[in-house]
Amino acid sequence: MTSKILITGPPRCGKSTLMLRILNYYKGKRTIYGFLTPEVKRNNQRIGFDIEDIRIRQRFELARKDKSYKGRYRIGKYRVFTKNLDNYIETYQKLELSPQHLIIVDEIGKMELYSENFQDFVKNIFSLDVNVMATIGKTLRHTLKDKILKITRLELHNLTRQNQELIFQKLSRECKVS
């Protein structure tokens with residue numbers, strides 16, 4: 001039986017760091033697909049976020065503090081490049097996934113949810129017989145989050161800075177993705 005694991009918590013509690021640790025733990029032990037959303041910094045200042053493919057380590061712009069970009073989607077100071085995310089998600093429609101695979105999604109967030117392709121992708125992977133570990137903001141309000149939380153086999157972890165190590169140990173020791 002496959003695992004569906006969702007990590008939630010407030011901003012900057014370490015969700016992305018936990019996903020990176022999980023990725024490093026399982027690397028070489030199984031086939032891992034998915035992506036991370038690392039911050040992009042210039043002169044020690046965050047200027048945006050990228051999508052980083054786990055398998056090939058290729059990066060695409062997800063969002064930037066860029067006044068010249070005239071896209072329709074914004075989150076605060078950031079302009080969101082939904083076309084880049086849509087193009088990236090299309091590559092997953094060609095994959096043949098199996099119960100031995102692990103998909104890591106960092107993160108199911110406001111920026112990503114502007115993409116309908118991304119929403120369809122998330123619905124699909126949570127319904128397939130494949131292992132999924134994903135992060136989602138604690139205060140995010142979206143119908144997709146409501147649907148995911150209703151999955152009967154879902155294992156939900158509320159991450160804090162204080163319990164990061166405990167949750168990592170639990171996921172690396174007891175997780176069904178072996």
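The values are calculated or read from the model by the stated rules, or taken from the named source; none is laboratory data. Note that the structure is predicted; figures quoted are calculated from it, not measured. Reconstructed Cβ throughout: ideal geometry from the backbone, glycine too, with neighbour counts over all protein chains shown.
If you take the residues in the stretch 142-157 that are basic (Lys, Arg) and touching a residue at least 12 places away in the same chain (Cβ under 8 Å), which one is surrounded by the most Cβ atoms within 10 Å (Cβ to Cβ)? I'd like the intermediate steps shown before the answer.
Narrowing the stretch 142-157 to residues basic (Lys, Arg): 145, 147, 150, 153.
When the remaining residues are screened for being touching a residue at least 12 places away in the same chain (Cβ under 8 Å), the result is 145, 147, 153.
On the way: Lys145: 17, Lys147: 14, Arg153: 11.
Among residues in the stretch 142-157 that are basic (Lys, Arg) and touching a residue at least 12 places away in the same chain (Cβ under 8 Å), the one surrounded by the most Cβ atoms within 10 Å (Cβ to Cβ) is Lys145.
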So, Asp129, is that one among the charged types (D, E, K, R), surrounded by 17 or more Cβ atoms within 10 Å (Cβ to Cβ) and outside any helix (DSSP H, G or I) or not? no
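Take the residues in the stretch 33-57 that are among the aliphatic types (A, V, I, L, M) and under 20 Å from Met133 (Cα atoms), then tell me which one is farthest from the chain's Cα centre (by Cα). Can you show your working first?
Here is the first cut: in the stretch 33-57, the ones among the aliphatic types (A, V, I, L, M) are 36, 40, 47, 51, 54, 56.
This time we only want the ones that are under 20 Å from Met133 (Cα atoms), so: 36, 51, 54, 56.
Details: Leu36: 6, Ile51: 9, Ile54: 11, Ile56: 16 Å.
So the residue we want is Ile56.
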Across (1) under 26 Å from Glu96 (Cβ atoms); (2) outside any helix (DSSP H, G or I), Lys41 clears everything bar (1)
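Look through Arg79, Arg141 and report the one residue that is assigned to a loop (DSSP other than H, G, I, E, B) and out of contact with any Pro (no Cβ under 7 Å at 6 or more places or on another chain). Show your work before the answer.
Details: Arg79 fails: assigned to a loop (DSSP other than H, G, I, E, B).
Only one candidate qualifies: Arg141.
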In this structure, does Tyr73 turn out to be free of Cβ contacts under 8 Å to residues at least 60 places away in the same chain, touching a strand residue (DSSP E or B) at 6+ places or on another chain (Cβ under 6 Å) and among the hydroxyl-bearing types (Ser, Thr, Tyr)? yes
Quick check on this structure: which one of Thr160, Thr139 is closer than 27 Å to Ile75 by Cβ, in contact with a strand residue (DSSP E or B) (Cβ under 8 Å, 6 or more places away or on another chain), in contact (Cβ under 8 Å) with a residue 12 or more places away in the chain and not aromatic (Phe, Trp, Tyr)? Thr160
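Could you tell me how many of the residues in the stretch 44-71 are of a type in the set (D, E, K, R), in a loop (DSSP other than H, G, I, E, B) and more than 24 Å from Leu97 (Cα to Cα)? Full working, then the answer.
Residues of the stretch 44-71 of a type in the set (D, E, K, R): 46, 50, 52-53, 55, 57, 59, 61, 64-67, 70.
So of that shortlist, the ones also in a loop (DSSP other than H, G, I, E, B) come out as 55, 57, 65-67, 70.
If we keep only those that are more than 24 Å from Leu97 (Cα to Cα) too, we end up with 65-67, 70.
Summing the residues that are of a type in the set (D, E, K, R), in a loop (DSSP other than H, G, I, E, B) and more than 24 Å from Leu97 (Cα to Cα) in the stretch 44-71 gives 4.
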What about Thr152, is it in a loop (DSSP other than H, G, I, E, B), within 22 Å of Gly9 (Cα to Cα), in contact with a Gly (Cβ under 7 Å, 6 or more places away or on another chain) and of a type in the set (Val, Ile, Thr)? no
Tell me, yes or no, whether the stretch 18-29 has at least one residue that is in contact with a strand residue (DSSP E or B) (Cβ under 8 Å, 6 or more places away or on another chain), in a strand (DSSP E or B), more than 20 Å from Asn163 (Cα to Cα) and modelled with pLDDT under 90. no
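Which of the residues spanning the stretch 70-80 are of a type in the set (Ser, Thr, Tyr) and closer than 16 Å to Arg42 by Cβ? Lay out the reasoning, then the answer.
The first filter runs over the stretch 70-80 and keeps only residues of a type in the set (Ser, Thr, Tyr), leaving 73, 78.
The answer is Tyr78, and nothing else.
Suppose we keep only residues that are assigned to a helix (DSSP H, G or I) and over 15 Å from the mean Cα position of the chain (by Cα) within the stretch 83-98. Which one would you say is surrounded by the most Cβ atoms within 10 Å (Cβ to Cβ)?
Asn84
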